[in-house]
Amino acid sequence: MDFEGVLVYTEKKDSIKIEKGPDMKKVYRISKEKKIAGVCAGLGEYFNLDPVLLRALFIILTFVGGMGILAYIIMWIVLPVQDQERNAIVTTKRLYLSTVNKKIAGVCGGLGEFFDLDPVFFRVGFLVLVFLGGAGILLYIILWMIVPRKEGPYLQSPGQL
């Protein structure tokens, strides 16, 4: 006998009523949006966050004590893969590589579109970081690897029409 739900005792003697509670939200790995195993995509959907932020967090945790890799591998093993297509409409604003405003890989253009700022600010920021020890190149390459390209029909820049 399966007793999922909440037990509610009534005033009648020896009477128990089982009421079905609200379904608990579950976390899955989403293989359709994966970079490695879909862990960050699943966590992003569960917490309503952009998976890029979670990927960056795992990378930072990897460089600070190595816990990022261990946590990722454990979640890779423990979290089930989502077998069915998602019916929910994703309302979280997502960071993508820009297909319209790109000079090298679309990282700065994508950041500009995400934050509604001119990508020039991000380009200057990366160049300043390059001259202050080279961190700008490493950060740009990491973002290039973890930020997804937007699927579907792309807008073309006026020069490509």
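The values are calculated or read from the model by the stated rules, or taken from the named source; none is laboratory data. Everything numeric in this text was worked out from a predicted model, so none of it was measured. Virtual Cβ from ideal backbone geometry, glycine too; neighbours counted across all protein chains shown. Just the protein is used for accessible areas: all its heavy atoms, side chains included, with ligands, DNA and RNA removed. Shrake-Rupley method; radii C 1.70, N 1.55, O 1.52, S 1.80 Å.
Please report the net charge: other residues with Cβ closer than 15 Å to the Cβ of L139, K and R +1, D and E -1.
Around L139, the surrounding residues sum to +2.
Above 19 Å lies some portion of the pair distances; for segment 22-81, what is it as a whole percent of all C-alpha pairs? Walk me through the numbers on the way to the answer.
On the way: 444 of 1770 pairs.
That fraction is 25 percent.
Taking 0.36 nm per intervening residue step and subtracting the Cα-Cα distance, what contour gain separates V124 from V81 on full extension? Display every interim value, and only then the final one.
Numbers: separation 43, 0.36 × 43 = 15.48 nm, distance 4.04 nm.
In short, 11.4 nm is gained.
Students sometimes get this wrong: rank Y28, Y140 by accessible area, probe 1.4 Å, all chains present, largest first.
Details: Y28 75, Y140 35 Å².
Solvent-accessible surface, decreasing: Y28, Y140.
Can you check what the net charge comes to around C108, using other residues whose Cβ is under 9 Å from the Cβ of C108 (Lys, Arg +1; Asp, Glu -1)?
Values: positive: K102, K103, R123; negative: none.
Within the 9 Å Cβ shell, the charges total +3.
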* With θ set to phi - 60°, apply the Karplus curve 6.51 cos²θ - 1.76 cosθ + 1.60 along segment 108-121 and write out the HN-Hα couplings as whole Hz, x wherever there is a Gly or Pro. => 5, x, x, 5, x, 5, 5, 8, 6, 10, 5, x, 4, 4
* Asked: In square angstrom, rounded to the nearest 10, how much accessible surface does S31 have for a 1.4 Å probe?
  -> 60
* Asked: Relative to the present Cα-Cα distance, how much length would full extension add between T92 and L138 at 0.36 nm per residue of separation?
  -> 13.9 nm
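Which order do V120, V39 take when ranked by solvent-accessible area (1.4 Å probe, heavy atoms of all protein chains), largest first?
V120, V39
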* Taking amide H positions as placed in the peptide plane 1.01 Å from N, state which residues far from V81 in sequence (5 or more) or on other chains have amide H under 5 Å from it. => R29
